[in-house]
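Below is one structure, written out as structure tokens, with a few remarks after it.
Derivation of every value follows stated rules applied to the coordinates shown; laboratory data play no part. Computed from a predicted structure; not experimentally measured. As a convention, Cβ positions derive from the backbone with ideal geometry for all residues, glycine included, and neighbour counts pool all protein chains shown.
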Amino acid sequence: MLKKNLFTGSLLLLALATQAQSISPTPDQIKAYTSAWKGERSADGRPKVSDAILARLKNISMEEAWGVLRNKGYHNQFEGEWQLIYPDSAMTGRVVTAQYVPSRPDLEALVKETGKKEGRVQTGGTNSWPIDVLKDGDVYVADGYGKIADGTLIGDNLGNSIYAKSKRGVIFYGSVRDVEGLSEIKGFNAWMKGQDPSYIQQMMLTNINTPIRIGRAIVLPGDVVLAKKYGTIFIPAHLVEELVLTSEVTALRDEFGHLRLKEGKYTPGEIDTKWSDVIQKDFLNWVNNYPGKLPMTKKELDDYLKQRNY
């Protein structure tokens, strides 16, 4: 038994050592992290949720998204209490993760040597490396372990590069500098824990596209993020489409319920419980004659309602 445990331990150490010799996991390793996703993937292995779903997700409330994830058993996907450059802006995108830690000379030397072997740029700091991998629709999400002074992961130069590559902003459990300059980048936004005029010092990048912690949340590469002034929620890729449709239907039901309550047609008790056959038929008739444009296709809605019994 002892020999077996030692052998198992040796294999684990070997696996950790192998992973430690690269800045990013291989595409196959990222696929293993996100094996529940069955759709298209980026070249680096991350799930590639469609732009159409990302656009629809922007209209979903934080509470609706949170509720769907909780019902699926995902209890650790939300983080709040952010500072934003533009508080009224919403952002969705595919996550690229980065992990930062306090500097340590021996480990920093290994990281830089590993990056050199992988062809990563050697001029400037390693905090530019995550930016180099960004593609359109990606959101750069970094764990800067809450460091504010001397923990500024980007300024306006890197901010311009980020937006040029991703057409998105950033989410940092840490800080930024040059907020005035960042605010001049049209379309860019930052969710951050603080801002400071100092330059990044005594901290280092260790990994790109590995699982990271953002406050209360765990985040995987290829997760989809919904970011608003009310908080950020990190959604496993394989749940995004279902979450969007479920939340859209919930919003329609709420709209219908509020309308009928204002009209006095039903009591609060009738609306705030499982609906009777009469109310369900009324809802379906209301949906069929919906005055605006439904967020989903009629087929999506019909298929969804067939599987639910409200």
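Working from Cα positions, state the angle (0 to 90°, nearest 10) between the long axis of helix 277-288 and the longest principal axis of the chain. Helix 277-288 sits roughly 70 degrees off the main axis of the chain. Considering only F172, T126, N76, the residue lying farthest towards the positive end of the dipole of the range 51-236 is N76, judged by Cα position with unit charges set on Cβ. Highest GNM mean-square fluctuation among D106, D136, D223, for the chain modelled with Cα contacts below 10 Å: D106. Whole-Hz Karplus values for the range 141-148 come out as 10, 10, 8, x, 6, x, 6, 9 Hz, taken residue by residue from phi with 6.51 cos²θ - 1.76 cosθ + 1.60 and θ = phi - 60°; glycine and proline positions read x.
Please give me the summed charge of the neighbours of Q195: other residues whose Cβ is under 15 Å from its Cβ, Lys and Arg +1, Asp and Glu -1.
Residues near Q195 contribute -4 overall.
Working ranking of peptides 236-247, 274-285 by packing, defined as the average number of other Cβ atoms within 10 Å per residue, highest first, is 236-247, 274-285. With q set to 0.12 Å⁻¹, the log10 of I(q)/I(0) for the range 240-306, from the Debye formula over equal scatterers at the Cα positions, is -0.31. Comparing V121, V176, V96 in a Gaussian network model of the chain, where Cα atoms under 10 Å apart are tied by springs, the biggest mean-square fluctuation is seen for V121. Using the Cβ-Cβ distance between A52 and T114 with R0 set to 45 Å, the FRET efficiency from 1/(1 + (r/R0)^6) comes to roughly 0.75. Toward the positive end of the charge dipole of the chain, about the Cα centre and with charges on Cβ (Lys, Arg +1; Asp, Glu -1), which of N209, I279, Y33 goes farthest? Ranked along the dipole, the leading option is Y33. Three principal axis extents describe the C-alpha atoms of the chain; from largest down they are 71, 60, 30 Å. In degrees from 0 to 90, rounded to the nearest 10, what is the angle of the helix 105-117 Cα long axis to the longest principal axis of the chain? Roughly 80 degrees between the two axes. With only the Cα atoms considered, the range 51-236 has a convex hull volume of 109 Å³ per residue. Helix 62-71 and the longest principal axis of the Cα set of the chain meet at an angle near 90°.
For the range 214-255, averaging the sequence separation of C-alpha pairs within contact (under 8 Å, six or more residues apart) and dividing by the residue count gives a relative contact order of 27 percent. Among M91, M204, the ranking by other beta carbons within 10 Å of each residue's beta carbon, starting with the fewest, stands as M204, M91. Neighbour counts of C-beta atoms inside 10 Å place T152, T273, T123, T34 in the sequence T123, T273, T34, T152, starting with the fewest. Protection proxy ranking for 291-301, 187-197, using the average of other Cβ atoms within 10 Å per residue and placing the highest first: 187-197, 291-301. Considering the chain as a Gaussian network with a 10 Å cut-off on Cα pairs, which listed residue, N127, N71, N209, attains the greatest mean-square fluctuation? Its mean-square fluctuation being the largest, the pick is N71. Taken as Cα centroids, the range 240-301 and the range 174-233 sit 37 Å apart, rounded to the nearest whole angstrom. Net charge in the neighbourhood of E118 (other residues with Cβ under 12 Å of its Cβ; Lys, Arg +1, Asp, Glu -1) is +2. Dividing the mean sequence gap of close Cα pairs (under 8 Å, 6+ apart) by how many residues the range 51-236 holds gives a relative contact order of 34 percent.
Take every Cα pair under 8 Å whose residues are at least 6 apart in sequence, average their separation, divide by the length of the chain, and the relative contact order is 23 percent.
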